Each structure stands twice: as structure tokens, then as C-alpha cells.
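What follows is calculated from the coordinates using simple rules that are stated; it is not laboratory data. Here the structure is a predicted model, which means the values were calculated and not measured. In this analysis, Cβ positions are derived from the backbone assuming ideal geometry, glycine residues included, and neighbour counts consider all displayed protein chains.
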Amino acid sequence: MKILTTVKRVEDYESKIKVRPDQTWIVTEGVNYRANPFDEIAVEEALRLRDANMPSEVVVVSVGPAAAATEIRSGLAMGADRGILVKHDAFVDSDGVARLLQKVIEQEKPDLVLMGKQAVDVDDNVAGQLVAEYLGWGQATFASKKESLESPEEKAKKPGLKLSADKKSVQAAREVDGGLEVLEVQLPAIVTVDLRLNVPRYASLPNIMKAKKKPIQELTPQGLSVDVTPKVKVLKVEPPPARTAGIKVPDVATLVQKLHAEAKVI
């Protein structure tokens, strides 16, 4: 079984983000980068599925500049088998990423594709759905995992997604208002993952050393015959408004009065 998972290079959410003076984008100098947290959950789930269904292979794919190889190496250090970098230095919108992934998937022919539900830099939440549409595959989005009475050690090993006995379909539980919805899709399929599906593992030192020797194949949009001219244009980036200082009130009655008369929220 072959599982393909994506890893996007994003700004570290703990970094202090500043907007450029011309408001065209953020200031990238001095900003730390890391793998998209939702993609790390996807990689972890791919590894659990592989280990529970050997022999299997996990392939990590990223679209971005040469520096994105660092995030691929992070996935390899977690335990993935090999990586693919679609190298492109300029901005690529979600549609361009989806079309590039479509071509990579058609070449690799995986049984299952796992993706983070969204990237924490632009929060589009459309790439996975677009890939499924372009491929004509079934999809299950926002996969999470129902809490169980298992010990933390048992949970740490089991995948949250459930493959059928014949490995021709997969079940995914997703959180909805008032409970959980369980979807089953025929393979090959696209599954986007949400929080609570698992807790990504830390890469061990031996695996970090092994990751340096694992292969990363480099591709280009031109080589894949994909036009990545953006269809979406960023017109302006603005920082959020500064928060005003809070005030203390002497009693509940004053609080209610201010919420009603000044804040106008009740």
C-alpha cells in the first residue's frame, strides 16, 4: 500500500508577524519556518497506517522553494520513506498547488492521499477538495478521532482512520454539531485531517540521521506541464486592529450595564 502525504512550509505561528509598509505581504526577513501543523498530523497518520499494514510506503510531497526540503526532511525524520519537492520560488495559489499535486499523484499512483485540512499561513482550506475534484476521487474532510478508553500508550500506536479488511475503502470520523459523523470512501481517495486525530511524534536522533540519506526527488511545474500563474491575487494585507485596554467594574450590575449600553452585545 502506498500513502502520499503533503507537507507545506509555513511561517512559525509563534513568530511575531509584521505587515510590509506597502501592505503587499508580510515581512519574511527573520521569520522562522516550520511544517504546517495539520500536515504533521497527516504524516503521523500515514506512518501509523503504514506500520499497521506492512508492507507499505509513505511518500512526503511539498510545493515550494528549495528551502521546503527542510520540511520534507522533517517528515522523513518522523519515519516517511522518501520525499518529492515540486520546486517553485514564486507564489502559488491553492488551485496551482492542487493541479501540481494532481500530476504528482497520477505519477505516483498512491492508494491514499492524506493532507492537512488547511495551512496555517493563508487558511484557504480548499487544496484537498480541489485535488479530489481534479482526480475524480472520493474525499473525506476534517477527519478526527473519537475519544476512547484506551491508554495513552495504546492510542499512540493506533491509526485514527480505519482501513477495510480488503484495503479497498477507508473510514474517517469527523466532528459535526452534536457529535461525530463517520464517512467511508472507496480507495483511492483524498482524506484531509483535523485536530485530535493524533499527536505527531517527535523525531528521534537516529531517525534524523537516517533522514539525511533518504531520497528527495525534485520536480518542476514546467516538467509537470502545469501553468501555476496565480488565479487569486492578494490585493492588500492589513494587521489586525490593536486591542483596547480592559477595565475593571465594581459589581455584576455595572458589568451588565456596560455590556448593554457601551459594548451593545446584550
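Against the empirical curve 2.2 N^0.38 Å, the C-alpha radius of gyration of the chain lands at a ratio of 1.16. Highest mean first, the peptides 219-226, 250-257, 236-243 sorted by other C-beta atoms within 10 Å per residue fall in the order 219-226, 250-257, 236-243.
In terms of distances greater than 23 angstrom between alpha carbons, the cross-link table entries Lys167/Lys210; Lys8/Lys103; Lys2/Lys213 yield Lys167/Lys210. Tell me the net charge near Tyr13. Cut-off is 14 Å between Cβ atoms, Tyr13 excluded, with +1 for each Lys or Arg and -1 for each Asp or Glu. So the surrounding residues net to -3.
Projecting the Cα atoms of Ser56, Asn207, Leu112 onto the charge dipole of the chain, computed from C-beta unit charges around the Cα centre, puts Asn207 farthest toward the positive end. Normalised by the number of residues in segment 145-266, the mean separation of alpha-carbon contacts (under 8 Å, six or more apart) gives a relative contact order of 14 percent. Averaging the Cα positions of each part gives two centres, and for segment 85-137 and segment 3-42 these lie 17 Å apart. Of all DSSP-defined beta bridges confined to segment 2-240, some 35% are antiparallel rather than parallel.
Here the 3J(HN,Hα) profile of segment 239-245, calculated from phi with Karplus coefficients 6.51, -1.76 and 1.60 at θ = phi - 60°, is x, x, x, 5, 6, 7, 5 Hz, Gly and Pro shown as x. DSSP loop (so not H, G, I, E, B), at most 16 other Cβ within 10 Å: list which chymotrypsin sites (Phe, Trp or Tyr not before Pro) in segment 21-103 pass both filters. Those satisfying the criteria are Trp25, Phe91. Between the Cα long axis of helix 252-261 and the first principal axis of the chain there is an angle of about 80°, rounded to the nearest 10.
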